[in-house]
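**Student:** Sharing a structure, written as structure tokens. Questions coming.
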């Protein structure tokens, strides 16, 4: 290959096995492109190119010995700065944190490391994952490769931008209210949160009953490959799912037609007209492919109060010292929601905990006749940089504007955003697919169908020097 921009995991792994090129060649090409792209996009919270060189050289030695560790060996990636990586700082996008180096990998990172991954560094995030856009007081504004005046979405902003610009085939993000699915939709990617606890989280998240770790990728096959490595039981995570994982790769094969519930608004969303049209067109294509589709106008009432009470209370407790001593160091929009969460009384908070379980049962009953629920991923197709809430949704908050993602953190169900094409402005759009508990196979099956419908050619942005 002349260059490795937009190469998939399969392409790189096959090239290593055949010795057509090496991990150090790939890394050199990535660094060349990074030098052009990083000043324009601002994707990294921390770079460790020296460490990446050492990992690439070790992978190359394994390649030459015919002892590659698996499909991710020697392949560059980046890890969101909410996830611990040994030997790197963990700043959470916040000036309230120190630059001390972390001593221990998170389980997902340890599994990637054991598989030979090459870690370029830590990718940017909004502060403690508290906003659905891609800026923080610590690292500034991360930009969307499709249009540098737009956000790639948050809070897994840097990871999304890295994958969308073709620098790496996958990167890890987190999702406590949509932080994988939101940037996936705005950046033309797959963003998958598996069943809650399927990919273990440790050290304990500030939002331990909502947080997921998962991949951002350009193809369904790459998402399945990464999930196969990072998923699985981990005793340090009390919510970790015990028992075998699904056959993620096998789920990509053509399978039975699915029973789909389609809800254009969930009953409460304010959706842009073009988003409505393109989402309905994507669902009609699923129906034409043989899937059974039922329209559901009102799925449930907006559970934002339940999500807000749980998510922001956790972060407020984690940041209680900074809220008292250095509130000026926090993102003003984040500070406001944390102060409100910290002010709730115990009775109010715990009432929301019980209401959350009522909500979960309501969603379970709604979906029982179906394999998946399909919605828009977002009510809008793009968001300008430097904006916390899109202008058309000014009645919403810094996460509630995302409308469709956070309900399924409350339930813990597998959910993904998948790219369905471009808007009239040439920007990518995604739809959300939600499966029943433990039903990741249905997500990957639809993702694979979607890739085949796109002709096996992932969406690529134009306009920057990517190659």
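What follows is calculated from the coordinates using simple rules that are stated; it is not laboratory data. This one's a predicted model, so the numbers in the text were calculated from it and none came from an experiment. As a convention, Cβ positions derive from the backbone with ideal geometry for all residues, glycine included, and neighbour counts pool all protein chains shown.
**Student:** Provide the FRET efficiency to the nearest 0.05 for the residue 64-residue 11 pair, computing r from the beta carbons and using R0 = 25 Å.
**Tutor:** 0.80
**Student:** Using alpha carbons only, how many angstrom separate the centre of the range 266-318 from the centre of the range 41-61?
**Tutor:** So the separation of the two Cα centres works out to 38 Å.
**Student:** Further, regarding this structure: Taking N as the number of residues in the chain, what is its Cα Rg relative to 2.2 N^0.38 Å?
**Tutor:** For the chain, the normalised Cα radius of gyration is 0.90.
**Student:** Considering only C-alpha atoms, what is the centroid distance from the range 152-216 to the range 351-366, in Å?
**Tutor:** Distance between centres, Cα-based: 24 Å.
**Student:** Could you please rank 318, 143, placing first whichever residue has the fewest other Cβ atoms within 10 Å of its Cβ?
**Tutor:** 318, 143
**Student:** Additional query: How much mean residue ellipticity at 222 nm does the chain get from its helices, if each DSSP H run of length 4 or more adds -39500 (n - 2.57) and you divide by all residues, to the nearest 500 deg cm²/dmol?
**Tutor:** Dividing the helical sum by the residues of the chain leaves -11000 deg cm²/dmol.
**Student:** On to the next question. Considering the alpha-carbon set of the range 365-467 alone, what are its Rg and its Dmax in angstrom?
**Tutor:** So, for the range 365-467, Rg and Dmax equal 15.7, 49 Å respectively.
**Student:** Sticking with this structure for a sec: Can you give me the distance in nm between label points at residue 394 and residue 18, each placed 7 Å from the Cα along the Cα-to-Cβ direction?
**Tutor:** Distance between the two pseudo-spin positions: 5.7 nm.
**Student:** I've got another one for you. Using only C-alpha positions, report the orientation-averaged shadow area of the convex hull of the range 75-219, nm², one decimal.
**Tutor:** The orientation-averaged projected area of the Cα hull of the range 75-219 comes to 7.6 nm².
**Student:** Let me ask something additional. Quickly rank 3-14, 189-200 as a protection proxy: mean count of other C-beta atoms within 10 Å, highest first.
**Tutor:** The peptides rank, most packed first, as 189-200, 3-14.
**Student:** How many angstrom lie between the Cα centre of the range 62-95 and the Cα centre of the range 424-445?
**Tutor:** Result: 26 Å between the Cα centres.
**Student:** Once both labels are modelled 7 Å past Cα along the beta-carbon direction, what's the residue 346-residue 424 spacing in nm?
**Tutor:** 5.6
**Student:** With each pseudo-label sitting 7 Å past Cα toward Cβ, what's the residue 325-residue 453 distance in nm, one decimal?
**Tutor:** 5.3
**Student:** Further question: How much length, in nm to one decimal, is gained on full extension between residue 355 and residue 104, taken as 0.36 nm per residue of separation minus their Cα-Cα distance?
**Tutor:** This chain segment gains 86.7 nm when fully extended.
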